[in-house]
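Reading through the structure tokens given below for one structure.
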Amino acid sequence: LILNTKNLLHIEDGAFRNLPRLKYLSICNTGIRQFPDLTQIFSLESHFILELCDNLRMTTIPQNAFQGMNNESLTLKLYKNGFEDIHSHAFNGTKLNQLILKDNKNLRWIHNDALRGATGPDVLDISSTALESLPSYGLEAIQVLNATSSYSLKRLPPLDKFSSLLEAVLTYPSHCCAFRNLRTEKQNSLLSIFDSFSKECESTMRKPTNEILYRDDSYNASLWSAEKNMYPFASNEETSPYSYSAIFDDSEMTGFDFEYDFCQPKILTCTPEPDAFNPCEDILGYSFLRVLIWFINILAIAGNFTVLLVLITSHYKLTVPRFLMCNLSFADFCMGLYLLLIASVDAQTSGQYYNHAIDWQTGSGCSTAGFFTVFASELSVYTLTVITIERWHTITYAMQLDRKLRLRHAVPIMLGGWVFSILIAVLPLLGVSSYMKVSICLPMDIETGLSQAYILLILVLNVVAFIVICACYVKIYIAVQNPELVAAHKDTKVAKRMAILIFTDFTCMAPISFFAISAAFKVPLITVTNSKILLVLFYPVNSCANPFLYAIFTKAFRRDFFLLMSKLGCCKSRAELYRMNYFSAYTSNCKNGSSATAPSKASQVLLLLSALEK
């Protein structure tokens, strides 16, 4: 034992030479800077333990650092040192039982060939290190892997490297998804054989002295082979009285751990288990959602981008409805970008999301996606509410031109909506709820009271907005239902248009709000897996429908679209037709206006109805 000797700065080569009876060597809490020469110990003991700890100035494990220590089983307890890297072939020439590297806070890199030339280890402990990856060679013999509090280890090597793993204690639950029900190819090929004689196993009896009663030599030999692998350190005298020409040889039994009757192979156990917010699945979970989300996000992006382009490039005066439509299209365009980002990451990580979950959910990508969706959702709901109120206000006060909503009024109203939406979207980035809770980057964290209040605030505001929209459209319908002003067929047409607008709002808001409110009160009625169906099928309904219902299906938009196309050399005849119709209507209005000082309420309402049904 060389302990608590801070002034010990160096151990010369050959200091440990020819020590055949040495079983245990501990060098802890010293000032040694260079890894000591341990290659000339030549211990003859069956099991040798080396402990190096609290040597904070020792930064590197060099090549062949342990070669020549011992030719039998070796346990290396190398913890709480200053190690930063481990070189190639560092463990060459050893038969490792346990390799303990825990609490080396600065250990960031193990060379891919660090374990080349070594047998084992059976147990590897890298907990509380800064390792970002495991070596690609030498993991095949590991039966127990401990990687708790290894927060930098976000990706695992290919799973076929862990061919003997029986127990894994990891940092992130998503990594356990990789090991869930994992069996090696060799184990899978043997399972059918185990099943075939499991009844034979169960019928095996023991005498009171625990001596096994064997039925025949071949059956007995197979049992002995299994027990031999259970106790690899048994002395050579404890040999089977039977031939090893058994059903299984030693190599075939590697990776199995059995009770005495050896009837059932052990299944790999892994902790921590994935929780309800992060089940073992890809981002979208269902295959049909993976296809559908591409159709929806392309529709949302293309439709809203087209509306923005046409409205912005139009040479007609920017009116309040056009201004509000620009805001709505931008909000829905951002929702399309969110869906595109989710779909792209899902496509890239499909089948291996467990290796990308930590980088994605804790990185800037998920935060960006979460910001986009919350900002887009709230700005869209806010703008839809303003558009509906503006329509109601215009029809209600059609005769009072001095009360008409002007652009100078609409700009500060929408500026308030932008500030509100940005604030709501930024709060999870500042610690109020979190976008990192789930793979689809929605703020589902309700662990604290403040986070719970934040979620409830958003949901209540959305429900209130929906009620306001419904109330305004009902009032609009009542206002224009006068048979003296509107023909019956026009009345029906307007009613249908309003019903469609309300239905799309309800389809988008109702399912999301219902399940989200129940979850906010910690009584979830739906799993995260099923909530992804809502995310794809219901959540973006407005973003896809709004550009068509509020713009693309209107006559005014079609006119602006074909005029824009004519500037690019397309659809010139159609554009000319729209241009002639527009000027004809404008001339007619001017003539009617010259004979009256003010338009009648009937003509005002009819004009507004025509705008509403477009």
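The values are calculated or read from the model by the stated rules, or taken from the named source; none is laboratory data. Values in this document were obtained by computation on a predicted structure and should not be read as measured data. FYI the Cβ positions are ideal-geometry reconstructions off the backbone, even for glycines, and counts take in every protein chain you see. The protein model used for the area step is the full one, side chains on, heavy atoms only, and it has no ligands, DNA or RNA in it. Shrake-Rupley method; radii C 1.70, N 1.55, O 1.52, S 1.80 Å.
With 30 Å as the limit, the listed pairs Lys475/Lys555; Lys80/Lys437; Lys532/Lys555 have Lys80/Lys437; Lys532/Lys555 beyond it between alpha carbons. Using the average count of surrounding beta-carbon atoms within 10 Å as a protection proxy, the listed peptides 334-341, 172-179, 443-450 rank, highest first, as 334-341, 172-179, 443-450. Site pair Arg116 and Ile422 shows an inter-label distance of 5.5 nm when each label is modelled 7 Å from Cα along Cα→Cβ. Label positions at Ser152 and Thr313, each projected 7 Å from the Cα along the C-beta direction, are separated by 5.1 nm.
Taking only protein heavy atoms and a 1.4 Å probe, the accessible area of the range 1-151 is 46% carbon and sulfur. Solvent-accessible area assigned to carbon and sulfur over the range 369-415 amounts to 65 percent, based on a 1.4 Å probe.
Rolling a 1.4 Å probe across the protein heavy atoms gives the range 296-376 an accessible surface of 36 Å² per residue. Among Tyr24, Tyr151, the order of accessible area from largest down is Tyr151, Tyr24, computed with a 1.4 Å probe on protein heavy atoms.
Quick check for you: which residues of the range 378-407 have the amide N under 19 Å from the point 7 Å beyond the Cα of Lys475 toward its beta carbon? Label zone hits: 382-406.
Of the peptides 31-44, 93-106, the order by per-residue mean of other Cβ atoms within 10 Å, starting with the highest, comes out as 93-106, 31-44. Using only the Cα atoms of the range 1-171, build the gyration tensor, take square roots of its eigenvalues as a ≥ b ≥ c, and label the shape rounded, prolate or oblate: rounded if a/c is under 1.5, else prolate if a/b is larger than b/c, else oblate. It is oblate, given that a/c is not under 1.5 and a/b is not larger than b/c. Pairs with C-alpha atoms separated by more than 18 Å, drawn from the list Lys23/Lys102; Lys6/Lys105; Lys77/Lys154; Lys105/Lys154, are Lys23/Lys102; Lys6/Lys105; Lys77/Lys154. Put simply, the Cα atoms of the range 262-328 extend 84, 22, 13 Å along their principal axes, the longest span coming first.
Around the Cα centre of the range 348-484, unit charges on the Cβ atoms of Lys, Arg, Asp and Glu (plus for the first two, minus for the last two) sum to a dipole of about 480 debye. Excluding ligands, DNA and RNA, the accessible surface per residue across the range 1-171 is 44 Å² with a 1.4 Å probe. If the segment from Val460 to Ser133 were pulled out straight at 0.36 nm per residue, it would be longer than the present Cα-Cα gap by 113.2 nm. Placing Val464, Val528 in order of accessible area, with the largest value first and a 1.4 Å probe, yields Val464, Val528.
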